[in-house]
Amino acid sequence: MELQKNKFVQKLREKPVTYGCWVGLPDNTCAEIMAGAGFDWLLIDNEHAPYDLRTTLSHLQVMAAYDVAPIVRPVVGDTALIKQLLDIGAQTLLVPMVDTAEQARELVRATRYPPEGIRGLGASLARGAQWNRTTDYLHKANAEICLIVQAETVRAIENLDEIIAVEGVAGVFIGPSDLSASMGHVGNAGHPDVVSTIKEGLSKIKAAGKFGGLLNMDPSLTEAYIEAGASFVGVGVDTSMLAQASKALASKYCNPDAAQNPPAAPSAGY
């Protein structure tokens, strides 16, 4: 059995821009509905949603039947946790709160087998290796790992050039909401200073030949971020989509007056 190629990297190479959605609902039926919607990729958000290893595994299993690339965001860039996520079949990780090049280097080591890294060997128990049915998995797995690190603080932006330069970091995701908070604009990811900083960061990432991305739910900013260099853009969150659609439908029938005054648009991203 041959090792599966990294779907996310393949799509990034095939298209100038890829679009995806955050998946925060831990029921795998929700994940399967999202997987069949037509997005290029879906991000399983362990950082902010109530996932554990089993629910993440379940999401990876149902998504495997569809032409969508799964990304897993761990709650933290912990070496042991990363090992487990790779073993259950994650090939693309988006690790939050990476402020320095040293952090990025340690994450690269955590995602690679020796001699390039320190990932522990346990292929006979790993779905990622098809329980040792994948031919030469231990020697091929490193090449299919895609590590994206998140720059979402002022400190990370100050260190962005060094972070981008780390070998083994495939791309950098700029987190608009946390960055806006770090810049003193809590809850205002669309602030001009934040937007300018994000655009400058995306341009640097692209110039370095790496993949740059962000989550942005403000359509008026999407094109500007793409022009600046974004190659993967999250355009929605399943929980927000459900919350907004259900509220609108209920308001239409149960509270028509409220339907005339819809709630404010969500934050530009997080």
Margin query: Using 19 Å as the Cα-Cα cut-off, could you pick out the over-long pairs in Lys15/Lys206; Lys7/Lys140; Lys5/Lys204; Lys83/Lys206; Lys83/Lys210; Lys5/Lys140?
Written below: Lys5/Lys204; Lys83/Lys206; Lys83/Lys210
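Could I get the Rg over Rh figure for segment 103-229? Both from C-alpha atoms, Rh via Kirkwood, rounded to two places. If you can, show how the numbers build up before the last one.
Values: Rg = 17.5 Å, Rh = 16.1 Å.
Over the Cα atoms of segment 103-229, Rg/Rh equals 1.09.
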Notebook entry, point to check: What is the local net charge at Arg73, summed over the other residues whose Cβ is closer than 11 Å to its Cβ (Lys, Arg +1; Asp, Glu -1)?
Noted result: -2
Checklist line | Candidates Pro256, Pro70, Pro96: whichever shows maximal mean-square fluctuation once the chain is modelled as a Gaussian network with Cα springs under 10 Å | finding: Pro256
Item checked: Value of [θ]222 nm, deg cm²/dmol, for the chain, DSSP H segments ≥ 4, -39500 (n - 2.57) each, nearest 500 -> -12000 deg cm²/dmol
Next item on the list: Return the FRET efficiency for the residue pair Glu102, Asn255: r is the Cβ-Cβ distance, R0 is 45 Å, and the value is rounded to the nearest 0.05.
Entry: 0.25
Check: Using the Cα atoms of the chain to build a convex hull, what is its mean projected area in square nanometres?
Finding: 14.5 nm²
Notebook entry, point to check: Dimensions of segment 1-76 along principal axes (Cα, Å, largest first)?
Noted result: 33, 31, 26
Notebook entry, point to check: Non-local amide H neighbours of Val169 (under 5 Å, H modeled in plane, Pro and chain starts lacking H): which ones?
Noted result: none
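Could you compute the FRET efficiency for Leu53 and Val235, with r as their C-beta to C-beta distance and R0 at 25 Å, rounded to 0.05?
Efficiency, from the Cβ-Cβ distance: 0.35.
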Item checked: Whole-Hz ³J(HN,Hα) from phi, Karplus 6.51 cos²θ - 1.76 cosθ + 1.60, for segment 199-210, glycine and proline x -> 4, 5, x, 4, 5, 4, 4, 5, 4, 7, x, 10
Notebook entry, point to check: Tell me, Asp87, Asp67 in order of fewest to most beta-carbon neighbours within 10 Å?
Noted result: Asp67, Asp87
Check: For Thr18, which sequence-distant residues (separation of 5 or more, or a different chain) have an amide H within less than 5 Å of its own amide H, given hydrogens modelled in the peptide plane?
Finding: Phe232, Val233
Item checked: Full-extension gain in nm, Arg13 to Lys247, via 0.36 nm per residue minus C-alpha separation -> 80.4 nm
Notebook entry, point to check: Taking 0.36 nm per intervening residue step and subtracting the Cα-Cα distance, what contour gain separates Ala165 from Ala64 on full extension?
Noted result: 33.2 nm
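Computed from the coordinates by the stated procedures, all read-outs in this text should not be read as laboratory data. Please read these numbers as outputs of a predicted model, since none were measured by experiment. Neighbour counts run over all protein chains shown; Cβ positions are idealised from the backbone, glycine included.
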